[in-house]
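Colleague: If you scroll down you'll find the structure; I have some questions about it.
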Amino acid sequence: MKPNSTLYQRLRGIAREEILNILGAWATPAPGIHILNGHRIATEKEPDTFRNLLENLSHDVCFIRIEEAVECIMRKECPDKPLVAFTFDDGFMECYDIFAPLLEEFGVNALFFVNPNYVEGDDAYIEYFNNHTVLTEGKQPMRWSHLSELANRGHMIGAHTLDHYMINTDDEDTLRHQIVTCKTVIEQQLQQPCHYFAFPYGKLTHANQRSIDIACKAYKYVFSQSDYKHYFSFNGKVLNRRHFEPFWPIQHINYFISCNKTYE
């Protein structure tokens, strides 16, 4: 890494934020079905961060339940207003403490994609997962008791591989272990079917046709976090989501969901 690369990245980030602030100030959410996918809040002691975002966003969009959003997309519906649903990856405790309760205040649910080995992890596993796998320090996972309660409250629980594993390998045994065994563990623990799978890291290059085929045989719905201008990837097999974080400014969210999405 060059000595000035950190400064360059910092300046690039500042420039990007200013551009999004300007573009977002004039943007309005486009009609369509928008699935927003987040991970964390900047500080778990600040629930008002996400509440304020939801309040501001609700002025221009209608929030809907995630299963309703998925069904609308699968039917290739084209609503005349912006509809927004939420998913969250990795299963951090703020999903239980903050995101789920606040979404319930607005009358909707979320779909939480979890990694069973993180859910069950000891301190050493959690530290490695946080610091080396997802690069988000200081987090704690939801445990099965939290996930069971969320499911009973009407939220959806999905699979995210056992260990947040990048599924672009050709090792079929490993793929089946990470993808299919993950489903088995979740269903055994929660005593209900697991229909949803999102592959970790989310870019289309982080999966391959072999892994997508395995996932589509195991799960009813498979999600990425890429190609947001199109509803589907991998020849109609994968639903695309738009990355956001609950601490992002409303202008950024408005800009990102101002695009007119297509089914082609």
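The values are calculated or read from the model by the stated rules, or taken from the named source; none is laboratory data. Just so we're clear, the structure is a prediction, and the values are computed from it rather than from any experiment. Note that we place each Cβ from the backbone using ideal geometry, even for glycine, and neighbour counts take in every protein chain shown. Calculation scope for accessible area: heavy atoms of the full protein, side chains included, ligands and nucleic acids excluded. Shrake-Rupley method; radii C 1.70, N 1.55, O 1.52, S 1.80 Å.
Colleague: Out of all the residues in the stretch 209-262, which are touching a strand residue (DSSP E or B) at 6+ places or on another chain (Cβ under 9 Å), among the β-branched types (Val, Ile, Thr) and either under 23 Å from Thr169 (Cβ atoms) or assigned to a helix (DSSP H, G or I) (or both)?
Modeller: Ile212, Ile214, Val222, Val238, Ile253
Colleague: Determine whether Phe99 is closer than 18 Å to His243 by Cα, in contact with a Gly (Cβ under 6 Å, 6 or more places away or on another chain), open to solvent by less than 10 Å² (accessible area, probe 1.4 Å) and in contact (Cβ under 8 Å) with a residue 40 or more places away in the chain.
Modeller: For Phe99, the condition - closer than 18 Å to His243 by Cα, in contact with a Gly (Cβ under 6 Å, 6 or more places away or on another chain), open to solvent by less than 10 Å² (accessible area, probe 1.4 Å) and in contact (Cβ under 8 Å) with a residue 40 or more places away in the chain - is not met.
Colleague: Only one of these is modelled with pLDDT under 90, open to solvent by less than 50 Å² (accessible area, probe 1.4 Å) and farther than 24 Å from Thr262 by Cα: Gly24, Gly13. Name it.
Modeller: When all the criteria are applied, what remains is Gly13.
Colleague: Is there any pair linking a residue in the stretch 14-34 that is closer than 30 Å to Phe232 by Cβ and touching a residue at least 12 places away in the same chain (Cβ under 8 Å) to one that is among the polar types (S, T, N, Q) and exposed (fewer than 11 other Cβ atoms within 10 Å of the Cβ), with Cβ under 8 Å and at least six apart or on different chains, and which?
Modeller: Taking only residues 6 or more apart or on different chains, the pairs are Ala30/Asn260; Pro31/Asn260; Gly32/Asn260.
Colleague: Something else: Could you list, in sequence order, all residues of the stretch 195-208 that are in a helix (DSSP H, G or I) and either open to solvent by less than 50 Å² (accessible area, probe 1.4 Å) or out of contact with any strand residue (DSSP E or B) (no Cβ under 9 Å at 6 or more places or on another chain) (or both)?
Modeller: Thr205, His206
Colleague: So, one more: Name the residues in the stretch 69-79 that are over 16 Å from the mean Cα position of the chain (by Cα) and either without any contact (Cβ under 8 Å) to a residue 60 or more places away in the chain or surrounded by fewer than 16 Cβ atoms within 10 Å (Cβ to Cβ) (or both), would you?
Modeller: Glu71, Cys72, Met74, Arg75, Lys76, Glu77, Cys78, Pro79
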